[in-house]
Structures are given as C-alpha cells and as structure tokens.
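Here the structure is laid out as structure tokens; the discussion comes afterwards.
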Amino acid sequence: MRKKVTIVGAGNVGATAAHWIAAKELADIALVDVVEGVPQGKALDLLESMPVERRDVQITGANDYSQTANSDMVVITAGLPRKEGMSRDDLLKVNAKIVSEATEQAVKLSPNCILIVVTNPLDAMCEVARRKSGFPRERVLGMAGVLDSARFSTFIAAELGVSVDNVHAFVLGGHGDQMVPLPRFSTVAGIPITELLDAAAIDRLVKRTASGGGEIVKLLKTGSAFYAPSRSIAEMVDAILKDKHKILPCAAYLQGEFGIRDLFVGVPCKLGSKGLERIIEVKLTPDEQAALAKSAEAVKELVGALA
Ligand SMILES: NC(=O)c1ccc[n+]([C@@H]2O[C@H](COP(=O)([O-])OP(=O)(O)OC[C@H]3O[C@@H](n4cnc5c(N)ncnc54)[C@H](O)[C@@H]3O)[C@@H](O)[C@H]2O)c1
C-alpha cells in the first residue's frame, strides 16, 4: 500500500509541500484547511498535474479530517501570520490553539502517525503537539534546521563559487535568529569552511542565514518564505517514509542531550521509519554551548508563556 501524508494548512507552505511530495511520488496526500474550497481546489489542481509528471499519487482536499485516516505522517503548517498590533505572545496563543486542535483531530484518526510541526513559533508549537498527542518524542519533530542549513549552504556555495552539492552546513538551536550555526562542522567537499573563509566572511554569512526568513519577508512584502521551507519538509518526509536513517537537523524533544532537558531544540537527528532514531551529540566549545543554552532559554520562555 502507498504511504499517506496529511498536510494541515493548505497555504503557501502546506500546498507547496504537497507539490514536492507528489512530484517525488513519496505518498498519497490529504490536504486540510479551514478555508472552504481552498484545500479542495489546490488538491484537484495538483492531482491534475500528475498525468503530465507521470506520477501515481492520490491527492484530496477537505475542510475536515475524514480523509486523513491512517496517515503515516501528519505535517502541521496551519497557523496565522502576525498581524498589526498583535504581540508575539498573542500570536503564540492563537497558533497554539490552532496546532492543538489540528493535532487532536489528526491523531484521533492516525494514532500511529509521525508528526512534523512547521507552524511558528516552531519550537513552542512542537511542545503543543507533543502534549496534545501524548506521543513519544520519536514521533514528534519540528522542521526548521533543514531550512536554516539550506540557507547557510546557499550562501556558502555562492561565496566560494562552488556547487551546492559540495556543501554540508551544520546548525543547532532554535529557528531563525535563535539558530546556532557551527562553522567548524560546516564543510565544502569535506573541508571545514573555517579553512576556506576568513572569520569576517563567515560571520557575514551566519548573520544573513539567521535573518534569512526576514530577508524574504522584506522582499515579498506580504507573506513569508515557502519554497525552501516546503522543500525542507519533503526532505524529512522522504527520510522517514523511505527509512533512510538520514541525519538531518530537526527540532527534537531533548532529554539531557547537549545539557538540555524537556525542551524542543534543533539538533542533528537520525530519521527513519520510526521517526527520530537517535540524536547525534557532538562536543561543543564553551562559546557554542553558551549560544545553544541561550537559544534553549528563549524556547523555554515561550513554552512558559503557553500555559
Ligand atoms: N518552521 C519553519 O521553518 C517555517 C518556515 C516557513 C513558515 N513557517 C510557518 O508555517 C506556517 C504557515 O506558513 P504559510 O506561509 O503557509 O502561511 P499561509 O497563511 O499561507 O497558510 C496558513 C494556512 O493555515 C490555514 N489555517 C488556519 N487555521 C487553520 C486551522 N485551524 N486548521 C487548518 N488550517 C488552518 C489558513 O487558512 C492558511 O491557508 C506559519 O506559522 C509560518 O510562520 C515555518
């Protein structure tokens, strides 16, 4: 039987994730959104592209969860963007309610699924999904690190004029400006970038990566990035559904790893058919450890504001 992925939120990120997943023929897809006609319309449009792409994938869209039953994975991208006059805490509470309801509805019909949370603020939304689902940490992960490291890789490749295929960037910590890039573990053809770029250049690329989301928002004016985020979702789906044992940076619920407990923080995760198979710990320098602790502190603050 073909695998099945539910995507909650058929907005820019959710619908484009469906596109990547379908184009790669990874799984059948159930799109869910509250706006009447949107998940149905986008699902049908995408389905009608499959004969041209020569892919056999079923894609459905609905405003309820009836078609999502027995999904292998559920990706939650539903949420509202921050509106004028809305504080960060207001947004936190609005999106927490959306993620909580989405989790509840989805896991009722797919009790064995692996949850991938995408809605911001990411690390806190992962905690909402973990609490609501009652799932073990192996089955609740957040997408952010794949995106942050893809952005870092883009800038490294451009700076050195090399193929993106040669670049492996390594990031830890929370999403966006909470990200902790690790240049000494970021490599080009196996060579650490610290051997290829001076400290000022690395600092410039790191800063651009950390504000990578904001750079796109500024250009788009309405809405935020979705091509790279949705491709990053597909990467995690691919690693899990194909049981690849692939190491990707993801938000995972730490239980003492990197000296952090009971919090979602971005770390290198080995992904396979059971979800999180292992967290790969590396020895950090005191500066890196301090940056990670600061990032974790920011997540803790947000999670504290959830109650
Ligand atoms: N983790 C990351 O790296 C990352 C990257 C990009 C975007 N994001 C986040 O992903 C989320 C989605 O971004 P987007 O650009 O697709 O936004 P969008 O506004 O285009 O789409 C969000 C969709 O969610 C839907 N929605 C709202 N409430 C819902 C509910 N209760 N049930 C089902 N659907 C519901 C909306 O109708 C809308 O279609 C945002 O929170 C954004 O900040 C995270």
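The values are calculated or read from the model by the stated rules, or taken from the named source; none is laboratory data. Quantities reported herein were computed from a predicted structural model and do not represent experimental measurements. FYI the Cβ positions are ideal-geometry reconstructions off the backbone, even for glycines, and counts take in every protein chain you see.
Structure data summary
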{"quantity": "Close pairs from the stretch 289-307: first in contact (Cβ under 8 Å) with a residue 40 or more places away in the chain, partner aromatic (Phe, Trp, Tyr) and assigned to a helix (DSSP H, G or I), Cβ under 9 Å, at least 6 apart", "calculated": "Leu292/Phe258; Ala296/Phe258"}
{"quantity": "Breaking point among (1) crowded, with 18+ Cβ neighbours inside 10 Å; (2) within 13 Å of the ligand (Cβ to nearest atom); (3) under 20 Å from Thr6 (Cα atoms), for Arg139", "calculated": "(2)"}
{"quantity": "Residue list for the stretch 85-107, restricted to those being within 8 Å of the ligand (Cβ to nearest atom) and within 20 Å of Asp72 (Cβ to Cβ)", "calculated": "Ala102"}
{"quantity": "The stretch 9-31 residues that are more than 23 Å from Asp243 (Cα to Cα), paired with ones that are at pLDDT below 95 (beta carbon under 9 Å, 6 or more apart)", "calculated": "Gly11/Gly223; Asn12/Gly223; Asn12/Ser224; Asn12/Ala225; Val13/Ser224; Val13/Ala225"}
{"quantity": "Scope the stretch 151-166; condition surrounded by fewer than 14 Cβ atoms within 10 Å (Cβ to Cβ) and aliphatic (A, V, I, L, M); matching residues", "calculated": "Ala158, Val164"}
{"quantity": "Filtered residue count, the stretch 1-41, keeping only those that are within 10 Å of the ligand (Cβ to nearest atom), small (Gly, Ala, Ser) and over 18 Å from the mean Cα position of the chain (by Cα)", "calculated": "0"}
{"quantity": "Residues being loosely packed, with under 13 Cβ neighbours inside 10 Å and in contact (Cβ under 8 Å) with a residue 60 or more places away in the chain - total across the stretch 232-281", "calculated": "2"}
{"quantity": "Qualifying position, being under 18 Å from Pro81 (Cβ atoms), surrounded by 13 or more Cβ atoms within 10 Å (Cβ to Cβ) and in contact (Cβ under 8 Å) with a residue 12 or more places away in the chain, among Ala210, Ala225", "calculated": "Ala225"}
{"quantity": "Qualifying residues in the stretch 108-128 (those that are in contact with a strand residue (DSSP E or B) (Cβ under 9 Å, 6 or more places away or on another chain) and of a type in the set (D, E, K, R)) - the one farthest from the ligand (Cβ to nearest atom)", "calculated": "Glu127"}
{"quantity": "Top-ranked residue of the stretch 54-101 - restricted to ones that are without any contact (Cβ under 8 Å) to a residue 24 or more places away in the chain and of a type in the set (Lys, Arg), ranked as nearest to Gly41 (Cα to Cα)", "calculated": "Arg54"}
{"quantity": "Test for Leu46: is it at pLDDT below 95 and either touching a Pro at 6+ places or on another chain (Cβ under 8 Å) or away from the ligand (no atom under 11 Å from the Cβ) (or both)", "calculated": "no"}
{"quantity": "Subset tally (residues that are β-branched (Val, Ile, Thr) and in contact with a Ser or Thr (Cβ under 9 Å, 6 or more places away or on another chain)) for the stretch 238-287", "calculated": "2"}
{"quantity": "Criterion (within 16 Å of the ligand (Cβ to nearest atom), crowded, with 17+ Cβ neighbours inside 10 Å, more than 15 Å from the chain's Cα centre (by Cα) and among the hydrophobic types (A, V, I, L, M, F, W, C)) met by exactly one of Ala169, Ala144", "calculated": "Ala169"}
{"quantity": "Total residues in the stretch 147-164, condition more than 12 Å from the ligand (Cβ to nearest atom) and either closer than 21 Å to Ile233 by Cβ or under 20 Å from the mean Cα position of the chain (by Cα) (or both)", "calculated": "5"}
